[in-house]
1. When the residues of segment 37-82 are filtered to those that are part of a helix (DSSP H, G or I), of a type in the set (A, V, I, L, M, F, W, C) and touching a helix residue (DSSP H, G or I) at 6+ places or on another chain (Cβ under 6 Å), which remaining residue is farthest from Glu157 (Cα to Cα)?
2. Are there any pairs, at least 6 apart or on different chains, whose C-beta atoms fall under 7 Å, with the first in segment 80-92 and under 15 Å from Glu40 (Cα atoms) and the second surrounded by 18 or more Cβ atoms within 10 Å (Cβ to Cβ) and small (Gly, Ala, Ser), and if so, which?
3. Which residue out of Gly136, Gly147 is small (Gly, Ala, Ser) and under 18 Å from Ile104 (Cα atoms)?
4. Tell me the residue from Thr137, Thr149, Thr165 that is of a type outside the set (Lys, Arg), within 18 Å of the chain's Cα centre (by Cα), in a strand (DSSP E or B) and closer than 14 Å to Pro28 by Cβ, please.
5. Output the residues belonging to segment 114-134 that are among the aliphatic types (A, V, I, L, M) and outside any helix (DSSP H, G or I).
6. Inspect segment 119-137 for any residue being free of Cβ contacts under 8 Å to residues at least 40 places away in the same chain, polar (S, T, N, Q) and within 20 Å of Ile167 (Cα to Cα) and give the result as yes or no.
7. Of the residues that make up segment 23-45, is at least one over 19 Å from Ile120 (Cα atoms), at pLDDT 90 or above and surrounded by 15 or more Cβ atoms within 10 Å (Cβ to Cβ)?
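The values are calculated or read from the model by the stated rules, or taken from the named source; none is laboratory data. If you're wondering where the values come from, they're calculated on a predicted model, not measured in any experiment. Please note: Cβ atoms are built from the backbone with ideal geometry, for glycine as well, and neighbour counts cover all protein chains shown.
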Amino acid sequence: MRAGLALILGLVLAVTPAFAQGKTKTAPADEAVAALEVCEAFASRDSGALDKAIEAGWDAYDEVSESPFVVQYGAAREMPGIGWADLYVLQEGYPGTEFGYCRIDVTEPKGKGAAAIEAIAGLDRYEGDVTTEGQGTYASLEGTGEGQTLLMTHWDETGFVLQLTKIAPKAAPSEQ
């Protein structure tokens, strides 16, 4: 009986630290999708995109723009399971159109990224082509929602890139 209690107590004590720590690692596929969501907020010209990026762990900041019709942001962070990432955002406003562009570059990705590209391509909000050539996986996708959303992403021996462009009609000014 004592041996059985000792075994149960030993198992509980061994498992408790794992539960207390919670999930400490995220898969590269989850990190890639989370990074895409940050880019989607910026490319959609979401006014809270900078705060969302900071909350997601990015060292994000606004950059000096050359025009009142242009807004630029930058950010960087270590993406667990992927590598050091740099993010660049360009938002442009035209009389009837809004343009949003977001690019993430990881020049020395860790591991294999086919699952990350497939996870992005598998999102319901995108459709398109995925191909594998040599050691790389490449996707050319379009958004399925309103406006024109274009997404190119790849993971190969030279890097992991996520490049999102969104072109949409400018929202009508609200009446005051």
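1. Step one: of segment 37-82, the residues part of a helix (DSSP H, G or I) are 37-43, 49-55.
Still in the running and of a type in the set (A, V, I, L, M, F, W, C): 38-39, 41-43, 49-50, 53-54.
Among the residues that remain, those that are also touching a helix residue (DSSP H, G or I) at 6+ places or on another chain (Cβ under 6 Å) are: 38, 41-42, 49, 53.
Numbers: Val38: 24, Ala41: 28, Phe42: 27, Ala49: 30, Ala53: 27 Å.
In this case the residue turns out to be Ala49.
2. Leu87/Ala75; Gln91/Gly100
3. Details: Gly147 fails: under 18 Å from Ile104 (Cα atoms).
Matching residue, one of Gly136, Gly147: Gly136.
4. Working: Thr149 fails: closer than 14 Å to Pro28 by Cβ; Thr165 fails: closer than 14 Å to Pro28 by Cβ.
Residue meeting the stated conditions: Thr137.
5. Pass one, segment 114-134, residues among the aliphatic types (A, V, I, L, M): 114-117, 119-121, 123, 130.
Hits for segment 114-134 are Leu123, Val130.
6. So in segment 119-137, the residues free of Cβ contacts under 8 Å to residues at least 40 places away in the same chain come out as 121-122, 124-137.
With polar (S, T, N, Q) added as a condition, the list becomes 131-132, 135, 137.
Now narrow it down to the ones that are within 20 Å of Ile167 (Cα to Cα): none.
There is no residue in segment 119-137 that is free of Cβ contacts under 8 Å to residues at least 40 places away in the same chain, polar (S, T, N, Q) and within 20 Å of Ile167 (Cα to Cα).
7. Yes, some residue in segment 23-45 is over 19 Å from Ile120 (Cα atoms), at pLDDT 90 or above and surrounded by 15 or more Cβ atoms within 10 Å (Cβ to Cβ).
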